[in-house]
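A.B. asks: Can you keep this structure in mind? I'll have questions shortly.
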Amino acid sequence: MIVLKSEDELRAMREAGRLVARTHAVVQAAIRPGITTASLDALAEEYIRNHGALSAFKGYNGYPSNICVSINEEVVHGIPGSRTLKEGDIVSIDIGAVVDGFYGDMARTYPVGEVSAEAEQLIAVTKKALAKGVAAAVAGNRLSDIGHAVQSYVEAHNLSVVRDFVGHGIGRSMHEAPQIPNFGRPGRGPRLKPGMVLAIEPMVNIGGWEVIVLSDNWTVVTADGSLSAHFEDTVAVTEDGPLILTQA
Ligand code: MF3
Ligand code: CO
């Protein structure tokens, strides 16, 4: 069952989204060669706590950190630690917070200094793929129209969409129904209605779509070692079209 949110609940979710977006800005500003991924985690932890909220990730199924930091061929769920960012890396930062009982979830891939032309294109296509998915989150459309919009755009640019991880409904839990694949035929699944809130999160690889999970049981990497990018926003379906809640 897909939970519909009231206007009041959407206002509360907008506050959660705002905090997550502001935390992203704080972390993004700290990205530079030489910084450890653990210090990015510490910055996020402090900012979220100072605003009376909690990380959505810490303790989730035993996840040990506040944010996920995934570098280069790492797709999602990279665990922060002593590794340092290097010039030319791309780094995917995923941040979730719970504010007054409501969740916000947002990811972005950032360049570290100057990156290769193909890394830059991967980031640009993944960002636009999220925009295409968001644009399909319109009342009256069907759920699979979102994934179809993402996949068509990505594959037109000769990149591939990860199949094994998907977006999700979000609200008083981080993960609610429905699951939102980033691929598929259009016109399938439930009809989208005002009040639905969806975390749409394309993960895009330069090589094949296949991924594997490392022995830490969290870090997901591309099977072929190619670069990967991840963009996610928490989006409400409204009478007036999609509303991105994860905006500062
Ligand atoms: N944005 C991810 C998701 O939607 C973050 C989960 S990381 C975890 O599932 F550590 F919390 F699992
Ligand atoms: Co998510």
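A.B. asks: Expressed as a whole number of Å, what is the distance separating the alpha-carbon centroids of segment 73-121 and segment 1-35?
C.D. replies: 15
A.B. asks: Can you tell me the Rg and the Dmax, both Å, for the Cα atoms in segment 157-197?
C.D. replies: Spelled out, the Cα radius of gyration and Dmax of segment 157-197 are 12.2, 37 Å.
A.B. asks: Please give me the summed charge of the neighbours of G88: other residues whose Cβ is under 14 Å from its Cβ, Lys and Arg +1, Asp and Glu -1.
C.D. replies: -4
A.B. asks: Hey, rough spin-label estimate for E87 and A38, points 7 angstrom out along Cα→Cβ, what's it come to in nanometres?
C.D. replies: Distance between label points: 2.6 nm.
A.B. asks: May I ask you to give the percent of accessible area on segment 25-100 that is carbon plus sulfur, with a probe radius of 1.4 Å?
C.D. replies: Exposed carbon and sulfur together represent 51 percent of the surface.
A.B. asks: Note down the relative contact order for segment 129-248 as a percent, whole number, built from C-alpha pairs under 8 angstrom at least six residues apart.
C.D. replies: Relative contact order of segment 129-248: 28 percent.
A.B. asks: Translational diffusion coefficient of the chain at 4 °C, 1.567 mPa s, Stokes-Einstein with Kirkwood Rh over Cα pairs, in µm²/s as a whole number.
C.D. replies: Reported coefficient: 73 µm²/s.
A.B. asks: Continuing with the same structure: Which whole number of Å³ per residue matches the convex hull of the alpha-carbon atoms in segment 117-221?
C.D. replies: For segment 117-221, the hull spanned by Cα atoms encloses 105 Å³ per residue.
A.B. asks: Per 0.36 nm of contour for each residue apart, how much would the distance between H51 and K127 grow if the chain were fully extended, relative to their Cα-Cα spacing?
C.D. replies: 24.6 nm
A.B. asks: When every alpha-carbon pair in segment 15-94 is counted, what percent end up more than 19 Å apart?
C.D. replies: Beyond 19 Å sits 31 percent of the P(r) for segment 15-94.
A.B. asks: Multiply the residue separation of E114 and E239 by 0.36 nm, subtract the distance between their alpha-carbon atoms, and state the gained length in nm to one decimal.
C.D. replies: Value of the extension gain: 40.8 nm.
A.B. asks: At what distance in nm do the modelled label points of H157 and V138 sit from each other, each positioned 7 Å from its Cα along Cα→Cβ?
C.D. replies: 2.1
A.B. asks: Further, regarding this structure: I need the P(r) histogram for segment 169-246: all alpha carbon pairs, bin width 10 Å from 0 out to the longest distance, whole percents.
C.D. replies: 16, 39, 31, 14, 1
The values are calculated or read from the model by the stated rules, or taken from the named source; none is laboratory data. Note that the coordinates shown come from a computational prediction; the quantities given were computed from them, not determined experimentally. FYI the Cβ positions are ideal-geometry reconstructions off the backbone, even for glycines, and counts take in every protein chain you see. Please note that ligands, DNA and RNA were not included when accessible areas were found on the heavy atoms of the full protein model with its side chains. Shrake-Rupley method; radii C 1.70, N 1.55, O 1.52, S 1.80 Å.
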